[in-house]
Amino acid sequence: DTGVSQDPRHKITKRGQNVTFRCDPISEHNRLYWYRQTLGQGPEFLTYFQNEAQLEKSRLLSDRFSAERPKGSFSTLEIQRTEQGDSAMYLCASSLAGAGGYTFGSGTRLTVV
Amino acid sequence: SQQGEEDPQALSIQEGENATMNCSYKTSINNLQWYRQNSGRGLVHLILIRSNEREKHSGRLRVTLDTSKKSSSLLITASRAADTASYFCATDATNFGNEKLTFGTGTRLTIIP
C-alpha cells in the first residue's frame, strides 16, 4: 500500500450536476472517514465507516450527500444537485479501530460553477 | 463546527529558530493529534498524545497537553524551510477513540531561509 488514494484530484462541475468521488483506503484499515475543508479552515467531519457499516453522519451531510462503502474496502461520496456552497476540498482518511492517527489522502478539490 | 483554536493564526520565523503553536479546545478528550498540511494537499499525521499523557516527543517535535486548561502546544525545534505548512490540532472526544476528529482552524507557519 502506498497510502490513501482519492480520485479525481480535481473536479469542476456545473451547478445542479451530480458528482461522485472515490477513496481507496489502506487495505488493513477497517475505518474510513470523509471530511470537507473550505479555504482557510480546518477539516470538518462528514461521516465514517467501520468496514461496510456507516456508523456516524454529521449534520453537515445533507440529503444531497450519500456515502457508501459496499464491500468494506473503497468508498464513494456522491453529491447530487451540486450547489456553489459545495465547493471545497473533500478529504478521505483511514485508520485501524482503536489505533491512533489517521492516514489522509490528497483530497478531491471540487469547484461548482 | 471547529472545536479548537490555534494560536497564532500565522507565524513567520527564520530557519533554525524554534516554532511554537498553541491549541485550545472545549470538551473532554480521549486524545489530541497534530497534523501538517502543505498547500492544497492532504494532511500528514505528526503526533498523538493521549489524555493521560503530559508530554510527547518525536524527532524535532515536542507536544505538551494540559487537560486542566484544555490546551496543547506543538514545538518544532531547529526549523527548516520544509517545515513551511499549516499545522492543525485535532481532538478525539469519543469514548473509544478513532471515531471522528474535530479540527482547529490551523496555524500557517512560514520558515524564512
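The values are calculated or read from the model by the stated rules, or taken from the named source; none is laboratory data. This structure is a prediction, so every number in the text was calculated from the model and none was measured. Ideal geometry is used to build each Cβ from the backbone, glycine not excepted, and the neighbour counts take in all protein chains shown. Side chains are part of the model used for accessible areas, which takes the heavy atoms of the whole protein and leaves out ligands, DNA and RNA. Shrake-Rupley method; radii C 1.70, N 1.55, O 1.52, S 1.80 Å.
Remarks
- Only one of the listed residues (A:G72, A:G100) is facing chain B (nearest Cβ under 7 Å) and over 18 Å from A:N18 (Cα atoms). That residue is A:G100.
- Listed conditions (1) within 10 Å of the chain's Cα centre (by Cα); (2) within 9 Å of chain A (Cβ to nearest Cβ) are all met by B:T105, apart from (1).
- Residue within the range A:85-93 that is over 20 Å from B:L32 (Cα atoms) and open to solvent by 50 Å² or more (accessible area, probe 1.4 Å) present: yes
- Among the residues of the range A:42-69, none is identified as in a loop (DSSP other than H, G, I, E, B), open to solvent by less than 10 Å² (accessible area, probe 1.4 Å), within 14 Å of another protein chain (Cβ to nearest Cβ) and more than 20 Å from B:G104 (Cα to Cα).
- Against the test of being within 14 Å of another protein chain (Cβ to nearest Cβ) and more than 27 Å from A:L39 (Cβ to Cβ), the options B:R50, B:R54 yield a single qualifying residue, B:R50.
- Evaluation of B:I112 against (1) away from chain A (no Cβ under 11 Å); (2) out of contact with any strand residue (DSSP E or B) (no Cβ under 7 Å at 6 or more places or on another chain); (3) open to solvent by 60 Å² or more (accessible area, probe 1.4 Å) (one fails), failing number: (2)
- Put simply, of B:E17, B:E6 the only residue that is touching a residue at least 24 places away in the same chain (Cβ under 8 Å) and buried (at least 16 other Cβ atoms within 10 Å of the Cβ) is B:E6.
- Here B:G59 does not qualify as touching a residue at least 24 places away in the same chain (Cβ under 8 Å) and either within 18 Å of A:G101 (Cβ to Cβ) or open to solvent by less than 30 Å² (accessible area, probe 1.4 Å) (or both).
- The listed residue being at positive phi, in contact (Cβ under 8 Å) with a residue 60 or more places away in the chain and in a loop (DSSP other than H, G, I, E, B), out of A:R81, A:R15: A:R81
- For the range A:103-113, a tally of residues being within 14 Å of another protein chain (Cβ to nearest Cβ) and either open to solvent by 60 Å² or more (accessible area, probe 1.4 Å) or over 21 Å from A:I12 (Cβ atoms) (or both) returns 3.
- Among the residues of the range A:20-41, those identified as more than 13 Å from chain B (Cβ to nearest Cβ) and within 12 Å of the chain's Cα centre (by Cα) are A:T20, A:F21, A:R22, A:D24.
- The single condition from (1) free of Cβ contacts under 8 Å to residues at least 60 places away in the same chain; (2) open to solvent by 70 Å² or more (accessible area, probe 1.4 Å); (3) touching a Leu at 6+ places or on another chain (Cβ under 8 Å) that B:T84 fails is (2).
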